[in-house]
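Take this structure first; my questions come after.
The values are calculated or read from the model by the stated rules, or taken from the named source; none is laboratory data. Treat the numbers as computed from the prediction; the structure is a model and nothing was measured. FYI the Cβ positions are ideal-geometry reconstructions off the backbone, even for glycines, and counts take in every protein chain you see.
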Amino acid sequence: MIPRVRAPELPQNSPWFNTDKPLSIKQLKGRVIILDFWTYCCINCLHILPDLKYLEQKYQDSLTVIGVHSAKFDNEKETENIRQAILRYDIEHPVVVDTGFRVWQEYAVRAWPTLMIIDPESYVIGYVAGEGHLHALDQLIEKLIQEHREKGTINFQEFSLNLEKQRQPLITPLAFPGKVLATSAGLFIADSGHHRLVMSSFEGEILHVIGTGKSGLTDGNFSEAQFSAPQGMAFDADNQILYVTDTENYALRRVDLQRQVVETTAGTGEQSRNIRPHGGAGLDTALNSPWDLVKVGNTLFIAMAGSHQIWEMDLETGVIKTYAGMGAEACIDGSLNESAFAQPSGISSNGEELYIADSEVSSIRGVGIVEPRLVRTVCGSGDLFGFGDVDGQGENVRLQHCLGVEYSQNYLWVADTYNHKIKLVSPSTGNCQTILGDGVMGLQDGEGKNSRFFEPSGLSIMGSNLYIADTNNHVIRCVDLNSFEVTTLKLEGLCAPDVCVPCNL
């Protein structure tokens, strides 16, 4: 007989979120517990949050989910940054900060995400790693509840929480803007936390608010369309069409500015579990967290963060398919078919090569779109744990979870997200230098390294101005590239969706 293992107790002196006081295994005796070992950079960890929310709601009188945040990156160890991630991803269960990987080690965890299941008698009965386990977990919880109901060892009761989003509601005009796009038509902002798009003039006048501000997958006119955490955008100026990665809907959307309608152009609304190279008709092909895109000629190239690949969509035929990456999470250069990426989250191009912010290996990658079509590492170590904040050359460069990249005049501007900096990279030499930000998270205008950002994620250049989606500051920053002076864009009359009527109504 396999010996039963009693669940190690949770730390009482670490920071806790979404609860007034630390929780303990002893206190929760009589309930089923799921410990979710996660880190907020990890796309796989984000993918299981809807599963956990479903289980929490279905078994709210008998199940407690507790997030155990065991940080991968240095920046993720900061308590305030974890709080921001909880707000951004609408996490409604208690979260404990696993300082020094203590809980991780006590539960012998080996990978993110790992779900540890504890029965109502406080014994660990099993675990699952990775994503895609909802059905099995649902069955297991139901079985546990039935067994312990018969034994009289279950405690059915409502469990009250004090949520961070109730203490700190997102009533800022923008909420966690992920990407920004400067075009001849104006400035497009992915207001990711508010599930909508905002179009403004470069002076901050609101031209359109696209989407209701409530999460959903709905086509239609600007006031009725719905998105879910939209991110990257690309603009077809000739046809006045904006293409959008609707990340948490696992879809690509098409915004027609002339007709003022939103249509789905690729994706089924369900997450793809197929990481092997494949493709098909746009609306028949499931996608996996598309995060950014760029238009080259009549082709959209997509940073498919969830499957660690680069995809392409032919805008004439509507066919979408894998372009590069075998689906493994790694940094492998070479041919398109044999290459590997690690959560690519930013994409730009000079027309001959794609440039990728490959976030989980903290590297900038190049992907050929003319012969020879090869994948290379421009700068960064290419190692999943090779991160830091070091300027320099090629493989000696250290970035920390870079999410944005923008090509302009033979250089790459990079949002070095977890270092709170903007850096300039030469794609030909791999040289990388800090231009903006002093590395301390904050909201501070000023010149060059006297400025401060808070996890900037998106970049776009128009003329002599660089626009930055300063994600955790909930603002757009504007940089004069002649003086490197940073200012904060004021969006006149824009409100959070629940605070006032959308501006285009």
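Being of a type in the set (A, V, I, L, M, F, W, C) and more than 17 Å from Asp51 (Cα to Cα) is the filter here, so list the residues in the range 117-141 that pass it. Quick ask: steps written out before the conclusion?
Residues of the range 117-141 of a type in the set (A, V, I, L, M, F, W, C): 117-118, 124-125, 128-129, 134, 136-137, 140-141.
Listed by number, the residues that qualify are Ile118, Val124, Ile125.
Quick one: in the range 361-401, which of the residues that are in contact with a helix residue (DSSP H, G or I) (Cβ under 8 Å, 6 or more places away or on another chain) and of a type in the set (Asp, Glu) is farthest from Phe301 (Cα to Cα)?
Among those residues, the one meeting the criterion is Asp389.
Name the residue that is surrounded by the fewest Cβ atoms within 10 Å (Cβ to Cβ), counting only residues in the range 445-490 that are in contact with a Ser or Thr (Cβ under 6 Å, 6 or more places away or on another chain) and assigned to a loop (DSSP other than H, G, I, E, B).
Within the range 445-490, the match that is surrounded by the fewest Cβ atoms within 10 Å (Cβ to Cβ) is Asn482.
A follow-up question, please. May I ask you to list pairs of residues, at least six apart or on different chains, whose Cβ atoms are under 6 Å apart, with the first in the range 303-318 being in contact (Cβ under 8 Å) with a residue 40 or more places away in the chain and closer than 26 Å to Ile43 by Cβ and the second being aromatic (Phe, Trp, Tyr) and surrounded by fewer than 24 Cβ atoms within 10 Å (Cβ to Cβ)?
Ile310/Tyr323
Six or more apart or on different chains, Cβ under 7 Å: which pairs go from a residue in the range 14-26 that's at positive phi to one that's of a type in the set (S, T, N, Q)? Could you list them?
Note: pairs meeting the criteria are Asn18/Asn162.
For the range 2-61, give me each residue that is surrounded by fewer than 18 Cβ atoms within 10 Å (Cβ to Cβ), outside any loop (DSSP other than H, G, I, E, B) and either over 23 Å from the mean Cα position of the chain (by Cα) or of a type in the set (Val, Ile, Thr) (or both).
Once the filter is applied, which keeps residues that are surrounded by fewer than 18 Cβ atoms within 10 Å (Cβ to Cβ), outside any loop (DSSP other than H, G, I, E, B) and either over 23 Å from the mean Cα position of the chain (by Cα) or of a type in the set (Val, Ile, Thr) (or both), the range 2-61 yields Val5, Arg6, Gln57, Lys58.
Something else: Which residues, counting only those in the range 66-92, are part of a strand (DSSP E or B) and either in contact (Cβ under 8 Å) with a residue 60 or more places away in the chain or out of contact with any Pro (no Cβ under 8 Å at 6 or more places or on another chain) (or both)? Explain how you work it out, then say what you get.
Filtering the range 66-92 down to residues part of a strand (DSSP E or B) leaves 66-69.
Passing the criteria: Val68, His69.
Among the residues that make up the range 68-76, is at least one of them buried (at least 20 other Cβ atoms within 10 Å of the Cβ), among the hydroxyl-bearing types (Ser, Thr, Tyr) and in contact with a Ser or Thr (Cβ under 9 Å, 6 or more places away or on another chain)?
yes
Note down all Cβ pairs under 7 Å where the first residue falls in the range 401-426 and is small (Gly, Ala, Ser), the second is assigned to a loop (DSSP other than H, G, I, E, B), and they're at least six residues apart or on different chains.
Sorted first by the residue in the range 401-426, then by its partner, the pairs are Ala415/Cys402; Ala415/Leu403.
Moving to a separate point now. Going by what's in this entry, would Tyr407 be described as closer than 17 Å to Phe454 by Cβ, modelled with pLDDT of 95 or more and either of a type outside the set (A, V, I, L, M) or buried (at least 19 other Cβ atoms within 10 Å of the Cβ) (or both)? Lay out the reasoning, then the answer.
On the way: closer than 17 Å to Phe454 by Cβ: no; modelled with pLDDT of 95 or more: yes; either of a type outside the set (A, V, I, L, M) or buried (at least 19 other Cβ atoms within 10 Å of the Cβ) (or both): yes.
Here the answer is no, as Tyr407 does not meet what is asked.
Moving on to the next point. Are any residues in the range 219-273 among the charged types (D, E, K, R) and either in contact (Cβ under 8 Å) with a residue 60 or more places away in the chain or closer than 18 Å to Gly318 by Cα (or both), and if so, which ones? It would help to see each step written out before you state the result.
Kept after step one, since they are among the charged types (D, E, K, R), are these residues of the range 219-273: 219, 224, 236, 238, 246, 248, 253-254, 256, 259, 263, 270, 273.
Within the range 219-273, Asp219, Asp236, Asp246, Arg253, Arg254, Asp256, Glu263, Arg273 qualify.
Confirm whether Ile154 is under 18 Å from Val95 (Cβ atoms), aliphatic (A, V, I, L, M) and either buried (at least 18 other Cβ atoms within 10 Å of the Cβ) or in the same structural domain as Asn81 (by TED's automatic domain parsing) (or both). Show your work before the answer.
On the way: under 18 Å from Val95 (Cβ atoms): no; aliphatic (A, V, I, L, M): yes; either buried (at least 18 other Cβ atoms within 10 Å of the Cβ) or in the same structural domain as Asn81 (by TED's automatic domain parsing) (or both): yes.
For Ile154, the condition - under 18 Å from Val95 (Cβ atoms), aliphatic (A, V, I, L, M) and either buried (at least 18 other Cβ atoms within 10 Å of the Cβ) or in the same structural domain as Asn81 (by TED's automatic domain parsing) (or both) - is not met.
Something else: Those residues that are of a type in the set (Asp, Glu), over 22 Å from the mean Cα position of the chain (by Cα) and closer than 25 Å to Gly437 by Cβ, I need them from the range 332-391; list them, please. Show your work before the answer.
Initially, the range 332-391 is screened for residues of a type in the set (Asp, Glu), giving 333, 338, 352-353, 358, 360, 371, 383, 389, 391.
Add one more test, that the residue is over 22 Å from the mean Cα position of the chain (by Cα), and what stays is 333, 338, 352-353, 371, 391.
Passing the criteria: only Asp391.
Let me ask another. In the range 210-235, what count of residues is obtained for those that are out of contact with any His (no Cβ under 9 Å at 6 or more places or on another chain) and outside any strand (DSSP E or B)? So that I can check it myself, show each step before the final result.
Within the range 210-235, the subset out of contact with any His (no Cβ under 9 Å at 6 or more places or on another chain) is 210, 217-221, 223-225, 231-235.
Restricting the remaining residues to those that are outside any strand (DSSP E or B) gives 217, 219, 223-225.
Adding up the residues that qualify gives 5.
Criterion first (among the polar types (S, T, N, Q), in contact (Cβ under 8 Å) with a residue 60 or more places away in the chain and assigned by TED's automatic domain parsing to the domain that holds Gly439) does Asn396 satisfy it?
Working: among the polar types (S, T, N, Q): yes; in contact (Cβ under 8 Å) with a residue 60 or more places away in the chain: no; assigned by TED's automatic domain parsing to the domain that holds Gly439: yes.
Answer is no for this residue.
Return yes or no: is Gly366 in contact with a strand residue (DSSP E or B) (Cβ under 8 Å, 6 or more places away or on another chain) and in a strand (DSSP E or B)?
On the way: in contact with a strand residue (DSSP E or B) (Cβ under 8 Å, 6 or more places away or on another chain): yes; in a strand (DSSP E or B): yes.
Yes: the conditions hold for Gly366.
Also, quick follow-up: Taking the range 159-209 as the search range and keeping residues that are touching a residue at least 24 places away in the same chain (Cβ under 8 Å) and in a helix (DSSP H, G or I), which one is surrounded by the most Cβ atoms within 10 Å (Cβ to Cβ)?
Ranking the qualifying residues of the range 159-209, first place goes to His194.
Could you tell me whether Asp236 is under 23 Å from Asn44 (Cα atoms), among the acidic types (Asp, Glu) and either in contact with a Lys or Arg (Cβ under 7 Å, 6 or more places away or on another chain) or surrounded by 19 or more Cβ atoms within 10 Å (Cβ to Cβ) (or both)? Before the answer, list the steps.
On the way: under 23 Å from Asn44 (Cα atoms): no; among the acidic types (Asp, Glu): yes; either in contact with a Lys or Arg (Cβ under 7 Å, 6 or more places away or on another chain) or surrounded by 19 or more Cβ atoms within 10 Å (Cβ to Cβ) (or both): yes.
Against the criterion (under 23 Å from Asn44 (Cα atoms), among the acidic types (Asp, Glu) and either in contact with a Lys or Arg (Cβ under 7 Å, 6 or more places away or on another chain) or surrounded by 19 or more Cβ atoms within 10 Å (Cβ to Cβ) (or both)), Asp236 does not qualify.
While we're looking at this one, here's another question. If we only count strands (runs of 3 or more DSSP E) wholly inside the range 296-335, which ones have 1 or more residues that are acidic (Asp, Glu)?
Numbers: elements: 299-304, 309-314, 319-324.
Where strands (runs of 3 or more DSSP E) fall fully within the range 296-335 and carry at least 1 residues being acidic (Asp, Glu), they are 309-314.
Assuming Glu312 fulfils every condition listed in (1) within 22 Å of the chain's Cα centre (by Cα); (2) over 15 Å from Val367 (Cβ atoms); (3) at pLDDT 95 or above apart from one, which condition is it?
Against the list (1) within 22 Å of the chain's Cα centre (by Cα); (2) over 15 Å from Val367 (Cβ atoms); (3) at pLDDT 95 or above, Glu312 comes up short only on (2).
Go through Gly67, Gly30 for me and flag whichever is on the phi > 0 side of the Ramachandran plot, not assigned by TED's automatic domain parsing to the domain that holds Thr417 and not aromatic (Phe, Trp, Tyr).
None of the other options fit; the residue is Gly30.
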